[in-house]
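The values are calculated or read from the model by the stated rules, or taken from the named source; none is laboratory data. These numbers were taken from a predicted model, which means no experiment stands behind them. When we count neighbours, we look across all protein chains shown, and the Cβ atoms used for this are built from the backbone with ideal geometry, even at glycine. To get the accessible areas, we keep the full protein, side chains included, count just its heavy atoms, and leave off ligands, DNA and RNA. Shrake-Rupley method; radii C 1.70, N 1.55, O 1.52, S 1.80 Å.
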Amino acid sequence: MPATLSPSRRVRSTPYTARVEEAGVSGYTVYNHMLLAAQFEGIEADYHHLLRHVQVWDVACQRQAEISGPDAARLVQMLTPRDLGALAPGRCMYVPLTDADGRIANDPVLIAHAPGRLWLSLADSDAIWLCRGVAQAAGLDASIREIGVAPLAIQGPKADELATRVFGPEVARLGFFRHGRFDFGGHPLAVARSGYSRQGGFEVYVDREELALPLWDALFAAGRDLEVRAGCPNLIERIEGGLLSYGNDMTDDDTPLDCGMGQYCHLERDTGCLGRKALADYEASGKARKLRGLLIDCDRDSAPPLTRAWRVLDDRDEPAGKVTSAAWSPRLGRCVSIAMLEPGRAGTELRVELEDGRGVRAEVADLPLVA
Ligand code: THG
């Protein structure tokens, strides 16, 4: 029998865990100290279903850090190089968080409810402590706490149809990264057009635990003829789509400039970002690495899982970087991956050392690998 994950208070379950189990989850990962399904029927079968139909994902592990108070926006602006000038209630923004050295601490989605009420929908790191530390050291009037919100994602080409059936036709009018309030069970839930796939869809921020299972059940009842299934962020689809994973594709060893997040680094003007000078110096140094797509020449069976970074070597066998995520792509018939490449190495012929030690050829490509 394969080893299982021992349940405990430290590895938190979610309000949906009972349904995820009933739906036949076959593998979990742990994200923000909470269960996150990694596969149901299998990563490839789940992928084909996601590309054709609609899935409901328990992404309660996308924990919400609520920043409230008069200095809420000022605090978040201190922590991100992205200019938050465009922030307004009803908007979501992808905001890499950095420390004063420009190192990435997290890459959350920021949800703006009101000027003094922001949520950071956190990726897998304890960045809430960085938020508290900075707020306390700077004497800001902002309170920071992880709140009891359990996001549920609706993803796939039929997501608009399913969401419309449960929330009404107005939900389909939401623009990308916009959110609004939609009634469910007499309670207005925040729903955004967002989610960790390129297939389109919504995220519902369920802020009342007693609505969690009724919402799950309502989505499955309404979506029977749409072939709705329980799903989860899919490794293949997110690599093809160039969606980055904190802890895998980037860590606190990297800056946003290494990760292809230059478009979120507004360094010309002093916004108050603590990492601005370090990032500007790093940009000027020309030492930034580059996160790129890499198509690896291996067959399906020697393709991933990847449990540690694979070494990337150049044509003279010099270290050229590392593969940070990889999966077999049925659409491309190749192993797709994301790799952190040293400066100047993207043009040369590269070789990757697989988990079993074999060296195979690899070709650099732009992200996303599938548009
Ligand atoms: N949704 C929500 N919270 C999250 C995630 C999510 N928290 C954890 C993790 N995922 C954070 N990481 C990402 C990574 C990419 C995106 C969102 C969250 C994403 N990126 C788009 C892109 O790269 O094209 C859009 C960016 C933009 O236009 O601003 O969607 O998935 N709630």
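Here are a few things to note about the model shown:
- Annotation: average projected area of segment 256-329 is 7.0 square nanometres, based on the convex hull of Cα atoms across all directions.
- Long-range amide H partners of Val206 with built H, under 5 Å: Ala150, Leu152
- Largest accessible area first, the listed residues Arg63, Arg292 line up as Arg292, Arg63 when surface is computed with a 1.4 Å probe on the assembled protein chains.
- Taking only Cα atoms of segment 303-371, radius of gyration then Dmax in Å: 11.4, 32
- Ranked by how many other beta carbons lie within 10 Å on average, peptides 11-18, 117-124 from highest: 117-124, 11-18
- Note on the chain: Cα-only Rg and Dmax are 20.8, 65 Å.
- Net charge over other residues, Cβ less than 11 angstrom from the Cβ of Asp160 (K, R count +1; D, E count -1): +3
- Per the Debye calculation on segment 168-302 with a single equal scatterer at every Cα and no solvent contribution, log₁₀ I(q)/I(0) for q = 0.15, 0.18, 0.19 Å⁻¹ amounts to -0.98, -1.11, -1.16.
- Inter-probe distance in nm under a simple model that places probes 7 Å from Cα toward Cβ, at Arg300 and Glu318: 3.9
- Charge context of Gly42, other residues only, Cβ under 15 angstrom, K/R +1, D/E -1: -3
- Stokes-Einstein D (µm²/s) once Rh is taken as the Kirkwood radius of segment 136-206 over alpha-carbon pairs, at 10 °C in 1.306 mPa s: 119
- Segment 184-216 and segment 5-35 have Cα centres spaced 19 Å apart.
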